[in-house]
Amino acid sequence: MNRREFLSLAALGLAPRLAAAQAATTRLRLASSSQRLAGADYPPTAVWSYNGSVPGPALRFRQGDRLRIAVQNDLPVETTVHWHGIRVPNAMDGVPYLTQPPIAADGGRFAYEFDLADAGTYWYHPHLGSPEQVGRGLYGALIVEEREPPAVDRDLLWVLSDWRLDRSARVVDDFGNFMDASHAGRIGNTVTVNGAARESFGVRAGERIRLRLVNASSARIYALSFEGHEPWLVARDAQPLEPRRLARERLVLGPSQRADLILDCVGAPGSRHRVVDDFYPRSTYRLLDLEYSADRPARARRDAPSPLPANPLPQPDLARAQRHRIVFEGGMMGNMPGGMGGMMGRNGGLAWTVNGVAMPETDHKSDPILALSRGGSYVLDLVNDTAWHHPIHLHGHVFRVLSKNGRPAAEWGDTVLIDPRSRAEIAFVADNPGDWMLHCHVLEHQASGMMAVVRVA
Ligand code: C2O
Ligand code: CU
């Protein structure tokens, strides 16, 4: 196999494993392309993409590999690539001005290179002009396989995205409007799974599937149920947890969050089962059907899956941890920056604050809201004093969620979804030096003030 063939296989995630581990450089090229998102009855949609497809290539590595990616930006806008949820050295974090200069429009290049210490399901996306760049299709999954992956029949990926399309399936060009920014963000009208609105997803009776879900939507929150099935939740935000059956419990995924499920296909050959999203009251819809082939069952019964191996994350020392309170305010029906002027969108479009400060997207040089000592343990008390949901994401670290929305929690993550007028406590060891973003992952909130810098030194 020559280098070109290898790279194109690598882009599809099909490269042989050993070769992948030694792979030289993967290329990611940003350009405009078009794709049939909305189904056969609509024309293709003009999108922005990595390597010509939305989502971009699913990049697959093995735990311990070194990632090397050469980015070439052929779009007419500046960009960066952020590796969401991965513990990278600060200079590789892809935050414009804070960790690197933007990658220039029309031909700019940047090389990312770092080691992959942790296994799991991650994703990549721009961190500049994100409402528009992500809203037009720039994102992809990044999968780091465990050294000994669990035994499953298939390892599959669903990248969920939400589009605001007009009647001709064109992306509606109202990015950055104050209405979206000050409410729930840009909620669209078309949900795609792996870049297409789908009727069905084919499965075989008896098979065991590892299903990796990535919520790449700007603002939409999902609450999925798999009718007739009880998938096991085995990881959240790439971090393993004690496998738990989702029986009557829906899988809630906020923007940027991921989940790994073990889905045992217990349906009968030829049957169909709905996967339903009912997060928003009064707008329940069918995401797609699991469609069983007529094949005889591959296997009859399954034991509970064993837990995935834990990643080498530092354990915060809760007894000694220093506590800090971080308050998120603003938005419609809340304490908007600039008072009535802010309400009218006359505050440079800023609608939200973190500890009283609204940080504009173009200013990544604001003073840190927190300076943490390297190696120290910290608990952040995240207070959502607004009428809206916020998925709060911290860069460079993975945290333990101690409590969430009034209930104790026991999971790791890089993003925590906080209900309106509620709070969450997260704990972590500040072991990764640098200036890191802490922000809401509703991209319209992020771009209208809901972000801050945390310094670790
Ligand atoms: Cu997924 Cu600051 O980003
Ligand atoms: Cu938010």
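Just the residues that are aliphatic (A, V, I, L, M) and either part of a helix (DSSP H, G or I) or touching a Ser or Thr at 6+ places or on another chain (Cβ under 6 Å) (or both), please, taken from the stretch 430-449.
Narrowing the stretch 430-449 to residues aliphatic (A, V, I, L, M): 430, 437-438, 442-443, 447.
Residue satisfying the conditions is 443 alone.
Where in the stretch 66-143 are there strands (runs of 3 or more DSSP E), lying wholly inside it, with at least 1 residues that are surrounded by fewer than 22 Cβ atoms within 10 Å (Cβ to Cβ) and more than 16 Å from ligand 2 (Cβ to nearest atom)?
On the way: elements: 66-73, 82-84, 108-115, 120-125.
Ranges flagged: 66-73, 108-115.
What residue, among those in the stretch 211-238 that are over 18 Å from the mean Cα position of the chain (by Cα) and not acidic (Asp, Glu), is nearest to residue 304 (Cα to Cα)? Show your work before the answer.
At the first step, the residues of the stretch 211-238 found to be over 18 Å from the mean Cα position of the chain (by Cα) are 225-232.
Then drop every residue that is not not acidic (Asp, Glu), which leaves 225-226, 228-229, 231-232.
Numbers: 225: 19, 226: 18, 228: 17, 229: 14, 231: 10, 232: 8 Å.
The qualifying residue nearest to residue 304 (Cα to Cα) is 232.
Taking the condition of being out of contact with any strand residue (DSSP E or B) (no Cβ under 8 Å at 6 or more places or on another chain) and either of a type outside the set (S, T, N, Q) or in a strand (DSSP E or B) (or both), how many residues in the stretch 159-175 meet it?
As a first pass, look at the stretch 159-175 and keep what is out of contact with any strand residue (DSSP E or B) (no Cβ under 8 Å at 6 or more places or on another chain): 166-168, 173-175.
Filter once more, so that each one left must be either of a type outside the set (S, T, N, Q) or in a strand (DSSP E or B) (or both): 166-167, 173-175.
Selection size over the stretch 159-175: 5.
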- [ ] Please name all residue pairs, on different chains or six or more residues apart, with Cβ atoms under 6 Å, provided the first residue is in the stretch 266-283 and is open to solvent by less than 60 Å² (accessible area, probe 1.4 Å) and the second residue is of a type in the set (Lys, Arg).
- [x] 276/286
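Tell me, please, whether a residue that is at pLDDT 95 or above, farther than 30 Å from residue 200 by Cβ and assigned to a helix (DSSP H, G or I) can be found in the stretch 44-64. It would help to see each step written out before you state the result.
Here is the first cut: in the stretch 44-64, the ones at pLDDT 95 or above are 44-64.
Retained after the next criterion (residues that are farther than 30 Å from residue 200 by Cβ): 61-64.
Those still in the list that are assigned to a helix (DSSP H, G or I) too: none.
No.
If you take the residues in the stretch 445-457 that are within 14 Å of ligand 1 (Cβ to nearest atom) and open to solvent by less than 10 Å² (accessible area, probe 1.4 Å), which one is nearest to residue 180 (Cα to Cα)? Talk me through it step by step, then tell me what you get.
Of the stretch 445-457, the ones within 14 Å of ligand 1 (Cβ to nearest atom) are 445-447, 450-454.
Now drop any that are not open to solvent by less than 10 Å² (accessible area, probe 1.4 Å), which leaves 445-446, 450-454.
Working: 445: 8, 446: 12, 450: 14, 451: 17, 452: 20, 453: 24, 454: 27 Å.
Only one residue fits best here, namely 445.
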TODO: Return the residue satisfying two criteria in turn: it lies in the stretch 349-388 and is outside any strand (DSSP E or B) and within 16 Å of ligand 1 (Cβ to nearest atom), and of such residues it is least open to solvent (accessible area, probe 1.4 Å).
DONE: 364
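Kindly establish whether residue 338 is modelled with pLDDT under 85, more than 15 Å from ligand 1 (Cβ to nearest atom), open to solvent by 10 Å² or more (accessible area, probe 1.4 Å) and in contact with a strand residue (DSSP E or B) (Cβ under 6 Å, 6 or more places away or on another chain).
Against the criterion (modelled with pLDDT under 85, more than 15 Å from ligand 1 (Cβ to nearest atom), open to solvent by 10 Å² or more (accessible area, probe 1.4 Å) and in contact with a strand residue (DSSP E or B) (Cβ under 6 Å, 6 or more places away or on another chain)), residue 338 does not qualify.
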Open item on the list: If a residue must be under 20 Å from the mean Cα position of the chain (by Cα) and among the aliphatic types (A, V, I, L, M), how many such residues does the stretch 394-409 contain?
Closed with: 3
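Working only within the stretch 420-444, note down all residues that are away from ligand 1 (no atom under 15 Å from the Cβ) and within 20 Å of residue 325 (Cβ to Cβ). It would help to see each step written out before you state the result.
At the first step, the residues of the stretch 420-444 found to be away from ligand 1 (no atom under 15 Å from the Cβ) are 420-431, 433.
The answer is 420, 421, 422, 423, 424, 425, 426, 427, 428, 429, 430.
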Open item on the list: If residue 180 satisfies all but one of (1) in a loop (DSSP other than H, G, I, E, B); (2) surrounded by 21 or more Cβ atoms within 10 Å (Cβ to Cβ), what's the number of the condition it fails?
Closed with: (1)
Task: From the options 122, 97, 112, 139, residue that is without any contact (Cβ under 8 Å) to a residue 60 or more places away in the chain and closer than 26 Å to residue 27 by Cα - done: 112
Open item on the list: Yes or no: the stretch 425-437 includes at least one residue that is within 16 Å of ligand 2 (Cβ to nearest atom) and open to solvent by 40 Å² or more (accessible area, probe 1.4 Å).
Closed with: no
- [ ] Could you run through the stretch 354-389 and say how many residues are closer than 15 Å to residue 445 by Cβ and modelled with pLDDT under 95?
- [x] 5
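Kindly check whether there is at least one residue in the stretch 141-158 that is under 22 Å from residue 361 (Cβ atoms) and in contact with a Gly (Cβ under 7 Å, 6 or more places away or on another chain).
No: the stretch 141-158 contains no residue that is under 22 Å from residue 361 (Cβ atoms) and in contact with a Gly (Cβ under 7 Å, 6 or more places away or on another chain).
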TODO: Would you check if there is a residue in the stretch 409-417 being touching a Leu at 6+ places or on another chain (Cβ under 7 Å) and outside any strand (DSSP E or B)?
DONE: yes
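The values are calculated or read from the model by the stated rules, or taken from the named source; none is laboratory data. Being a predicted model, the structure only gives us computed values, none of them experimental. FYI the Cβ positions are ideal-geometry reconstructions off the backbone, even for glycines, and counts take in every protein chain you see. Keep in mind that these areas ignore ligands, DNA and RNA; they rest on the heavy atoms of the full protein, side chains included. Shrake-Rupley method; radii C 1.70, N 1.55, O 1.52, S 1.80 Å.
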